Amino acid sequence: MSRDETKLVEGGRRPEWTGRIVNPPVHRASTILFDDCASLKAGAGRNADGDWHYGRRGTPTQWALADALTDLEPGAEGTMLYPSGVAAISIALLSVLKAGDELLMVDSTYEPTRVFCRTVLAEMGITTRFYDPMIGAGIADLIGETTAAIFLESPGSLTFEVQDVPAIVAVAKERGIVTLLDNTWATPLLFPAIAAGIDLTILACTKYVVGHSDAMLGSVTATAAHHAKLRRTTQLFGQHVAPDDAYLGLRGLRTLAVRMKAHEEGALKVARWLEGRPEVARVLHPALPSCPGHDVWARDFKGSSGLFTFILNGGDAAARAVFIDGLEHFGIGYSWGGYESLALPIEPGTIRSATRWEADGPAIRLHIGLEHPDDLIADLERGFARIKAA
Ligand SMILES: *Cc1c(COP(=O)(O)O)cnc(C)c1O
């Protein structure tokens with residue numbers, strides 16, 4: 001089997017979808033025409049990528065992206081696409097849960113995921129119990145009669161605790177519980193989730209897959225046991241990705257491996273520099289030994305990406321704003337995974353319920369883009385000088 005870099009180049013480029021063109025064309029479609037009544041009728045019973053039916057079920061543009069993403073997860077049956085990462089998370093959860101079920105949700109999860117549990121799932125009669133990201137095999141103690149699924153996110157995208165996925169998966173398999181993982185930080189390149197025993201793995205493709213901050217996209221890749229139900233739920237909720245956006249996802253995917261290496265290298269350089277600064281209390285980066293779960297990261301991951309957090313050594317939100325507002329090479333805004341660097345003030349302590357999160361000073365999340373890391377370091381150094389002068 002080919003290596004990931006090769007899969008990224010070749011994925012989804014089936015001759016029947018691309019013809020003589022290197023990239024799958026952007027097929028804009030609602031109605032798809034059939035030769036006659038008999039072929040229309042014959043088509044009605046088929047529902048897989050590659051079966052022409054109606055625009056909502058996609059065309060080669062979307063099928064190629066799904067196919068390429070499935071290729072990156074050995075052991076997976078297929079991939080469904082969504083108009084955002086949040087849609088991918090919501091539909092994945094709805095495909096495995098029903099009224100009366102309990103969901104175990106990691107306390108460090110992405111905030112909209114938490115809100116979805118507390119609102120939509122709660123109103124449907126599905127209860128959520130939040131758990132400590134560092135729980136590992138201890139998850140067994142939380143499993144009750146009605147526990148149907150465990151949701152993981154590793155590392156958390158604000159506080160970067162790395163979860164012991166193999167330990168949690170082992171418990172889940174023994175008890176017949178479904179596992180879902182938000183794998184946006186690592187992507188399958190750094191953590192192939194299905195091979196690790198996860199049943200449904202989720203990407204906010206908006207981040208590293210698209211990679212250029214110009215489209216919103218999500219995906220769920222599932223095992224054979226879960227794919228059919230996921231596909232049905234996705235289709236019944238009318239989930240559809242525009243072919244233009246699927247094309248941007250494919251365009252981004254081709255360079256994912258080289259971009260990830262550059263993000264990794266730049267982020268490590270900046271993180272290590274920050275670690276040595278007196279103005280910094282802590283750096284939360286999975287590849288640094290001080291990060292909770294670093295040993296698990298070293299055991300399970302093939303590398304690190306460009307997103308991490310650091311804590312200022314004292315100071316308040318106003319000092320943090322002085323630091324961030326004056327940065328020249330870092331944008332201020334949500335999301336991450338694009339080619340550009342971002343800085344975001346974050347308040348992780350206010351979001352949690354099962355664990356406490358405390359820090360000695362205000363927290364800043366950085367996404368390290370593809371700029372030269374020394375320019376970024378010089379920018380951050382000027383930021384520390386600004387705080388001192390203020
Ligand atoms: C951004 C993000 C999402 C949501 O993706 P959108 O495409 O913005 O809806 C989900 N999980 C994580 C970890 C994210 O960072």
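Miscellaneous remarks
- A residue that is more than 30 Å from Ile198 (Cα to Cα), in a helix (DSSP H, G or I) and touching a residue at least 40 places away in the same chain (Cβ under 8 Å) can be found somewhere in region 43-59.
- Test: Thr201 is touching a His at 6+ places or on another chain (Cβ under 9 Å), touching a residue at least 40 places away in the same chain (Cβ under 8 Å), under 18 Å from Thr113 (Cβ atoms) and within 16 Å of the ligand (Cβ to nearest atom): no
- Residue within region 60-77 that is assigned to a loop (DSSP other than H, G, I, E, B) and under 16 Å from Val241 (Cβ atoms) present: no
- When region 295-339 is filtered for residues that are within 18 Å of Ala359 (Cβ to Cβ) and under 19 Å from the mean Cα position of the chain (by Cα), the ones remaining, listed by number, are Leu307, Phe308, Thr309.
- Among residues of region 170-198 that are not assigned by TED's automatic domain parsing to the domain that holds Pro155 and away from the ligand (no atom under 16 Å from the Cβ), none has a beta-carbon under 8 Å from a residue that is among the hydrophobic types (A, V, I, L, M, F, W, C) and at pLDDT below 95 at least six positions away or on a different chain.
- Screening Ile89 with (1) touching a Gly at 6+ places or on another chain (Cβ under 8 Å); (2) in a helix (DSSP H, G or I); (3) of a type outside the set (Ser, Thr, Tyr); (4) surrounded by fewer than 24 Cβ atoms within 10 Å (Cβ to Cβ) gives one miss only, at (4).
- Residue match in region 94-108 (condition: assigned to a helix (DSSP H, G or I) and either of a type in the set (Asp, Glu) or within 12 Å of the ligand (Cβ to nearest atom) (or both)): no
- Looking at Ala321, Ala343, just one residue is at pLDDT 95 or above and part of a strand (DSSP E or B), and that residue is Ala343.
- Residue within region 117-139 that is closer than 20 Å to Ala222 by Cα, more than 16 Å from the ligand (Cβ to nearest atom) and not assigned by TED's automatic domain parsing to the domain that holds Phe310 present: no
- Screening the candidates Pro74, Pro112 for the property of being within 13 Å of the ligand (Cβ to nearest atom) and either of a type outside the set (A, V, I, L, M, F, W, C) or in contact with a strand residue (DSSP E or B) (Cβ under 8 Å, 6 or more places away or on another chain) (or both) yields one hit, Pro112.
- Members of region 346-389 that are basic (Lys, Arg) and not in a helix (DSSP H, G or I): Arg352, Arg356, Arg365
- For Leu253: the one exception among (1) buried (at least 21 other Cβ atoms within 10 Å of the Cβ); (2) within 14 Å of the ligand (Cβ to nearest atom): (2)
Results for (1) modelled with pLDDT under 95; (2) within 13 Å of the ligand (Cβ to nearest atom); (3) crowded, with 24+ Cβ neighbours inside 10 Å; (4) under 18 Å from the mean Cα position of the chain (by Cα), shown as yes or no for each residue.
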residue	(1), (2), (3), (4)
Thr206	no, yes, yes, yes
Asp214	no, yes, no, yes
Ala225	no, no, no, no
Ala228	no, no, no, no
Arg232	no, no, no, no
Gly238	no, no, no, no
Val241	no, yes, yes, yes
Tyr247	no, no, no, no
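- Candidates are the residues of region 275-315 that are touching a residue at least 60 places away in the same chain (Cβ under 8 Å) and over 27 Å from Asp132 (Cα atoms); the one that is surrounded by the most Cβ atoms within 10 Å (Cβ to Cβ) is Glu279.
- Elements of type strands (runs of 3 or more DSSP E) contained in region 110-207, each with 3 or more residues being under 22 Å from Leu284 (Cβ atoms) and of a type in the set (Phe, Trp, Tyr): none
The values are calculated or read from the model by the stated rules, or taken from the named source; none is laboratory data. This is a predicted model, so every value here is computed, not measured. Ideal geometry is used to build each Cβ from the backbone, glycine not excepted, and the neighbour counts take in all protein chains shown.
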